[in-house]
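The values are calculated or read from the model by the stated rules, or taken from the named source; none is laboratory data. Small disclaimer: the values here were computed from a predicted structure and weren't measured. Ideal geometry is used to build each Cβ from the backbone, glycine not excepted, and the neighbour counts take in all protein chains shown. These area figures cover heavy atoms from the full protein model, side chains too; ligands, DNA and RNA do not enter into them. Shrake-Rupley method; radii C 1.70, N 1.55, O 1.52, S 1.80 Å.
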Amino acid sequence: MARSSLFNRPFEIKRIPSFQSIALFTFVGLYGPIIILITYSFNSSASLGVFESFSFQWYITAWENEKVQEAAFRSLYLAATAATIATIAATMAALATTRTKKFRGMTLIFVIINQPLMIPEIVTAVALLVFFAMIKIATGYTGMLYLIIAHTAFCIPFAYLPIRARLESMDLTLETAGADLYATPWKTFQRITLPMIWPGIIAGYMLAFVISLDDVVISEFVKSAGQETLPTYMLGQLRRFITPETNAIATVNIAVSVILVSGFFLLTQRKK
Amino acid sequence: MTTNDEAIEIKNALKVYKGDTDVYALNDVSLMIKKNEFFTLLGPSGCGKTTLLRLIAGFEHPTSGTILLNKEDISLLPPNKRPVNTVFQNYALFPHMTVGGNIAFGLEMLGWSKSEVASAVDEMLELVKMQDLKNRRPAEISGGQQQRVALARALAPKPQVLLLDEPLSALDLKLRKQMQIELKRLQSETGITFVFVTHDQEEALTMSDRIAVMNEGKILQYGNPRDIYHHPENKFVANFIGDSNFLLADIQNGNAVLTDGTELKLSKENKQVSNGQKSILIRPEHVQMSKAKGSKKAFEGKISNIVYFGTDTHFHLELKTGDDFTIRKQNTPNEGTDFEIGAVVELTIDENAIQILND
């Protein structure tokens, strides 16, 4: 009896033995270290093992550290610039791949756009290092442009995917209706297409911003001397000695990412 | 007919979709639509009626042929340059704009001033009785209301021609009937030429001044509803509009001789038809039934089934020729069931009720 009732029930993943312990283990593995990191960022002592008392001391130290300020400002500037350029490029690419007739090589274009998702980051980083080194020798230019170009390139697919999803779910008849009601193609885009896909564009921008803000590998390889971003600064700090100051910076970083990614989900989940 | 009363003239329009096998969506279509008329393109799905509408709107361009609007060639103009508006099948209301914003859109694009737009929007809202919903979004109103907004939006710029692409197909029966009347009212109040696409023959008959019946990219016949119903030129038109009985007959000097030798008299105009084998059409409601008197020459049939419909009753007969034949008889309060299954009845047909078909 018991046996047959077991088989009669529909399959549910929850019934697999040890499902709960695996789930618990995964959550602890994912969030445990982060919770410890956040907790110790509020530790009043410099010890990494003993929590003495709650304080904002390390946040203040980090805030007053000129190097942190500089790196933070550079990271924000880089993320904002790269995300802006990437979002514009991604919008145009998404329009081109959804609003034109199917043509030969369309899949290839899709592959090219999403290249950064497929090639290991370290490979791209090494390639960019070599490529930009050649340009640096030839031109002598060592400014921010290298970082901006590199970040823009790997941000494009992250901006592209939500915009494309939005465009694909949009009823094309709306654009036809715009044209029928005397709107030129540009006006139709401005008044109908753009407002309709706007949530996708903002979502794409936020995702690109976070991806740029968090990047270590490519920044580390591409940056010129003295161009520390927040993640590369933290990496540099860790090489010498781990201080709760790094924990504090990381916690702020997490907060910013969580806010932006939550915003992304809200925008992409919301139904029309 | 004066030369001024054409709104649209289509000359030899051809629309071919290239592919493994070329698809002739429109195959040499010529058509004239008059000013201020309610013109319907009627046909089954895939007959080319929507393609023809899209060609008039400018969403697609003909492979060859010309489209004239008030004598002016508009074949290659983009849709935003044509004084023609469309009510789409799914309404295509802009979801991010209010009802008022939707109606104002076309006027703003035409460059009307703010005050002109505002008063025109109010006027249109009144015309479709939607004043209270001006600030709602399309998602917040019912399907029937969306339909009205779509109409108001398309009528607001006072187009020379209004195109309607099966706009009633998404509504339930009761609302559809209401909107049919509403559309007729709007057409006569605005005096705008309506070109209406539908696959519903009843809708076409009740609403149109003239109908064009289409199939496989061609116009088979066009004329007023009465002509199309009573004088269909071929089997497809007869079958598509109304119920039909088709019989094979040999035309001999003004008589139609059925395969069993029964002779039916033809009307004067049909006497011109040359002798030979033809299909004839008899509408089910144009036949009278009486008890058979047993005369040899009589046109007779045996009742095989009776279906009661409330307003009328359908009698399915088997003729002496072996053909199935349907008669529709209007029900009256005093009538009982005079005719029973298995009874042999004599049929009388007015000579005008027999239509000889071309194929």
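Listed values, structure above:
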| item | result |
| --- | --- |
| Flag if B:Leu175 is open to solvent by less than 20 Å² (accessible area, probe 1.4 Å), out of contact with any Cys (no Cβ under 6 Å at 6 or more places or on another chain) and among the aliphatic types (A, V, I, L, M) | no |
| Any hit, the stretch B:161-183, residues being over 22 Å from B:Ala7 (Cα atoms), assigned by TED's automatic domain parsing to the domain that holds B:Gly223 and either in contact with a Pro (Cβ under 7 Å, 6 or more places away or on another chain) or in contact (Cβ under 8 Å) with a residue 60 or more places away in the chain (or both) | yes |
| Filter result (in a loop (DSSP other than H, G, I, E, B) and within 11 Å of chain A (Cβ to nearest Cβ)) within the stretch B:47-76 | B:Gly58, B:Phe59, B:Glu60 |
| Helices (runs of 4 or more DSSP H) lying entirely in the stretch A:167-249 (those with 3 or more residues that are hydrophobic (A, V, I, L, M, F, W, C) and either away from every other protein chain (no Cβ under 13 Å) or buried (at least 17 other Cβ atoms within 10 Å of the Cβ) (or both)) | A:173-180, A:194-214, A:217-222, A:230-240 |
| Failed criterion for A:Phe51 (all others in (1) within 23 Å of A:Ala225 (Cα to Cα); (2) hydrophobic (A, V, I, L, M, F, W, C); (3) touching a strand residue (DSSP E or B) at 6+ places or on another chain (Cβ under 7 Å) hold) | (1) |
| Within the stretch B:229-271, tally of residues that are under 12 Å from B:Ile282 (Cβ atoms) and open to solvent by 20 Å² or more (accessible area, probe 1.4 Å) | 4 |
| Output for the stretch A:14-29, where each listed residue is open to solvent by 100 Å² or more (accessible area, probe 1.4 Å) and within 31 Å of the chain's Cα centre (by Cα) | A:Gln20, A:Ile22, A:Leu24, A:Phe25, A:Phe27 |
| Scan of the stretch B:84-123 for residues that are over 25 Å from A:Asp171 (Cβ atoms) and surrounded by fewer than 17 Cβ atoms within 10 Å (Cβ to Cβ), ordered by number | B:Gly111, B:Ser113, B:Lys114, B:Ser115, B:Glu116, B:Ala118, B:Ser119, B:Asp122, B:Glu123 |
| Strands (runs of 3 or more DSSP E) (entirely within the stretch B:152-244) containing at least 3 residues that are of a type outside the set (A, V, I, L, M) and more than 30 Å from B:Lys134 (Cβ to Cβ) | B:218-223 |
| Hits in the stretch B:130-161 - residues which are within 13 Å of chain A (Cβ to nearest Cβ), charged (D, E, K, R) and open to solvent by 80 Å² or more (accessible area, probe 1.4 Å) | B:Arg137, B:Glu140, B:Lys158 |
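For (1) more than 13 Å from every other protein chain (Cβ to nearest Cβ); (2) basic (Lys, Arg); (3) within 30 Å of B:His199 (Cα to Cα), each residue gets a yes or a no:
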| site | (1), (2), (3) |
| --- | --- |
| B:His96 | no, no, no |
| B:Ile103 | no, no, yes |
| B:Trp112 | no, no, no |
| B:Ser119 | yes, no, no |
